[in-house]
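One structure is given below, encoded as structure tokens.
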Amino acid sequence: MEEWDEVKVPKNVKDIFIEMKNTAELMVDLAYSAALFKEKEIAEEVLELEEYLDILNYHLMIRAVLAARNMKEAEQITSILQMARSIDEISNAAADLAKMVLEEKLHPLITEVILESEETIGRVIVSPESILVGKTLEELDLSTNAGVWVIAIRRGKRWIFDPDEDTKIMPGDILIGRGTKTALDYLKEVARGIIKVIRHE
């Protein structure tokens, strides 16, 4: 990751707010992944994202205060700041889970709860025979065609977190995805090369 002081922060309140929401969602997904697979590198990424979200929250407060020109606008801004505080609390909870992974203090019940959720986290290994190989995430559109959101990719010893649409799937990639158990099981069959045509829902 880049040093956070080199990262460009969105220039208006709306865009910062959206970035905060998206970052917090990613943190939760990665924290669950770290807990489920006991992956300390993922846990460390969660803590780095917490630092980024803290910076976003700071810039949001500054811009929100500067944007208020009268009492009515100030009241509206207050509601945004309250929501931002809630997002920050969610990110703090994800960071706490990541710290438990790093300190190896996870209770087995946490893993059970994650696995029993309607939407869970799964690990998908891509074989050389899979139709996924050589295609970008945009081409595959797995969220639509398989019901799985890819939140991270393990490529050899390297992690790709929050991969973008241009990320190409390579043989041997390990995809960390979020979806229902049925959707994840289906994607595993595609990744193994057993299913040769990806469905379109």
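Could you list, ordered by first residue, the pairs with Cβ atoms under 7 Å in which the first is in the range 83-101 and closer than 13 Å to Leu49 by Cα and the second is among the β-branched types (Val, Ile, Thr) and in a helix (DSSP H, G or I), at least 6 apart or interchain?
Sorted first by the residue in the range 83-101, then by its partner, the pairs are Ile90/Val28; Ala94/Val28; Ala94/Val46; Ala95/Val46; Ala98/Val46.
State yes or no: is Glu116 touching a residue at least 24 places away in the same chain (Cβ under 8 Å) and open to solvent by 50 Å² or more (accessible area, probe 1.4 Å)? I'd like the intermediate steps shown before the answer.
Values: touching a residue at least 24 places away in the same chain (Cβ under 8 Å): no; open to solvent by 50 Å² or more (accessible area, probe 1.4 Å): yes.
Taking the combined requirement at face value, the residue does not satisfy it.
Kindly provide the set of residues from the range 143-201 that are in a helix (DSSP H, G or I) and either open to solvent by 10 Å² or more (accessible area, probe 1.4 Å) or more than 19 Å from Asp29 (Cα to Cα) (or both), ordered by number.
Ser143, Thr144, Asn145, Lys181, Thr182, Asp185, Tyr186, Lys188, Glu189, Val190, Ala191, Arg192
Is there any pair linking a residue in the range 2-21 that is farther than 13 Å from Met83 by Cβ to one that is at pLDDT below 85 and of a type in the set (Val, Ile, Thr), with Cβ under 9 Å and at least six apart or on different chains, and which?
Taking only residues 6 or more apart or on different chains, not a single pair turns up.
Could you tell me which of the residues Glu129, Glu118 is closer than 30 Å to Val197 by Cβ and modelled with pLDDT under 95?
That would be Glu118, the only listed residue that is closer than 30 Å to Val197 by Cβ and modelled with pLDDT under 95.
Under 6 Å between Cβ atoms, which residue pairs at least 6 apart in sequence (or on different chains) link something in the range 31-46 that is within 11 Å of Ala152 (Cβ to Cβ) with a partner that is among the hydroxyl-bearing types (Ser, Thr, Tyr) and open to solvent by less than 10 Å² (accessible area, probe 1.4 Å)?
Listed by first residue and then by second, the contacts come to Ile42/Ser33.
The values are calculated or read from the model by the stated rules, or taken from the named source; none is laboratory data. Predicted model, so just to flag it, every value in this text is computed and none were measured. All Cβ positions, even for glycine, are placed from backbone atoms using ideal geometry, and neighbour counts span all protein chains on display. The protein model used for the area step is the full one, side chains on, heavy atoms only, and it has no ligands, DNA or RNA in it. Shrake-Rupley method; radii C 1.70, N 1.55, O 1.52, S 1.80 Å.
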